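Asker: Structure provided below as structure tokens; questions to follow.
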Amino acid sequence: MSQETAIGEGSGQISGTTVLPPNGAHSRFRSNYQGTGTLAGHQVQVLITYEAESVGPDAFAGTSDALITTTDGSDSALWRGAGAGFRAAGATQVVWRGYAALESQSPRFADLNGALLDVVVKVDDDGKVSYQATKWR
């Protein structure tokens, strides 16, 4: 069993959503997110693009790419991930859970290069986003 370590958290806002051509009967969309938070104890800015497809009533699966930079702009990291989300009946929030691989050669994040993250993201109907990331491996 792997040891999990809290590694980051943050909040922000969906900055745009695009409806994509459907895949058969499955609707598709792309959302962009901007926010701030922490990664490995450093203050960061986060830009995420998430592309998802419906896989059932109120359920989605998709992939994400993120650019993470320290607020002073001197260090950066990338994550590539995949996950799924759901909206409970009558809920005003979508909850996503995913896993991401982190890449970085920057001094502040070099020890995270190749780390796998377990990420939980909550998106409110007004577009407010919060997330928590745990180092899975």
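Laboratory data are not the source of any read-out in this text; all were calculated from the coordinates shown. None of the values given here were measured: they were computed from a predicted structure. Neighbour counts run over all protein chains shown; Cβ positions are idealised from the backbone, glycine included.
Asker: Amide H of Asn113: which non-local residues (sequence gap of 5 or more, or other chain) have their own amide H closer than 5 Å, using H built in the peptide plane?
Answerer: Ser104
Asker: Give a quick list of GluC sites (Glu not before Pro) in the stretch 1-62 that DSSP marks as loop, anything other than H, G, I, E or B, with at most 13 other Cβ atoms within 10 Å.
Answerer: Values: sites: Glu4, Glu9, Glu51, Glu53; in loops: Glu4.
Within the stretch 1-62, the qualifying GluC sites (Glu not before Pro) (loop, at most 13 other Cβ atoms within 10 Å) are Glu4.
Asker: Need the C-alpha centroid separation for the stretch 8-33 versus the stretch 94-137, integer Å.
Answerer: 17
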